[in-house]
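Structure record follows, encoded as structure tokens.
The values are calculated or read from the model by the stated rules, or taken from the named source; none is laboratory data. All of these numbers come straight from a predicted model, not from anything done at the bench. All Cβ positions, glycine included, derive from the backbone under ideal geometry; neighbour counts span all protein chains shown.
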Amino acid sequence: MLRFMVLSWTLLLAAGCGSDDGVGKLNKEALMEPTSEEMKAEGPEEYTVIFETTAGEFELAVHRDWAPRGADRFYNLVKNGYYNEQRFFRVVPNFVVQWGMSGDPELTKKWQGAQILDDPVKESNTRGRITFAATNRPNSRTSQVFINLGDNTNLDGMRFAPFGEVNEEGMEVVDKITAEYGEQPSQGSIAEQGNAYLEEAFPNLDYIKSVRIDD
């Protein structure tokens, strides 16, 4: 139990427009201004996000009523291509797979301070649920997210509010994401050097090729 609690608190943060086929193309101009109206659109009440990764393809169903602020932030990040080419830099079996730091240090720097207000926790952090990472301070969610690989229900009382979930078939793909490096990648180094650091030091990391909202 002690190890689980230590791991859970390491969820703390270290720190465009879609094409016709729905793929979120990188809209760097919008992403460089996290407070712009372009980055504050309200997402649909229900939407599906399709991830194409080096481990395979999986779908994620987002439910805005679970955590509206989180669902809206995720919608805008996906729509503007923020998560494309990002590495799954933290993978702990039976716990979480985490990502959300841009391969471009400029973008990571911009988003480190782009907090959103907390959502009440309405759903539990069971296997397959996606949730924003946060620090131990209120209202500290920005861009990092994690998928629960196990039933992490003790996170429910720590302000971690799930906003969607991967179906059973998709979790077969998520489970294939390499855990070779565990928690070794340094978030400080990712912030400073982006994908250049990860590609050199952790070449076998799986990553997101592209992600799109399924219209």
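Of all residues in the stretch 33-91, how many are in contact with a His (Cβ under 8 Å, 6 or more places away or on another chain) and surrounded by 20 or more Cβ atoms within 10 Å (Cβ to Cβ)? So the answer is 1. A search for C-beta distances below 8 Å between a residue of the stretch 104-119 that is farther than 22 Å from Trp66 by Cβ and any residue that is among the β-branched types (Val, Ile, Thr) and in a helix (DSSP H, G or I), counting only pairs 6+ apart in sequence or on different chains, returns Thr108/Ile190. Tyr47 passes every criterion in (1) in contact with a helix residue (DSSP H, G or I) (Cβ under 8 Å, 6 or more places away or on another chain); (2) among the hydroxyl-bearing types (Ser, Thr, Tyr); (3) not in a strand (DSSP E or B) apart from (3). Is one or more of the residues making up the stretch 117-131 in a loop (DSSP other than H, G, I, E, B), over 24 Å from Glu46 (Cβ atoms) and not hydrophobic (A, V, I, L, M, F, W, C)? The answer is no, given that none of the residues of the stretch 117-131 is in a loop (DSSP other than H, G, I, E, B), over 24 Å from Glu46 (Cβ atoms) and not hydrophobic (A, V, I, L, M, F, W, C). Applying the condition of being among the basic types (Lys, Arg) and touching a helix residue (DSSP H, G or I) at 6+ places or on another chain (Cβ under 7 Å) to the stretch 55-91 and asking which residue is nearest to Lys25 (Cα to Cα) yields Arg87.
Every condition in (1) among the polar types (S, T, N, Q); (2) touching a strand residue (DSSP E or B) at 6+ places or on another chain (Cβ under 7 Å); (3) under 21 Å from Asn76 (Cα atoms) is met by Thr108 except one, and the failing one is (2). Among the residues of the stretch 133-148, those that are under 18 Å from Tyr83 (Cα atoms) and either surrounded by fewer than 16 Cβ atoms within 10 Å (Cβ to Cβ) or of a type in the set (Gly, Ala, Ser) (or both) comprise Ala133, Ala134, Ser143. Against the condition surrounded by fewer than 18 Cβ atoms within 10 Å (Cβ to Cβ) and under 19 Å from Gly56 (Cβ atoms), how does Glu172 come out, does it pass? Yes, satisfied. The set of residues in the stretch 52-70 that are closer than 12 Å to Thr131 by Cα and in a loop (DSSP other than H, G, I, E, B) comprises Trp66, Ala67. Do you know which residues across the stretch 194-215 are crowded, with 18+ Cβ neighbours inside 10 Å, of a type in the set (A, V, I, L, M) and over 16 Å from Tyr82 (Cβ atoms)? The answer is Leu198, Leu205.
Given the options Thr48, Thr54, name the one that is closer than 21 Å to Gly164 by Cα, at pLDDT 95 or above and among the β-branched types (Val, Ile, Thr).
Thr48
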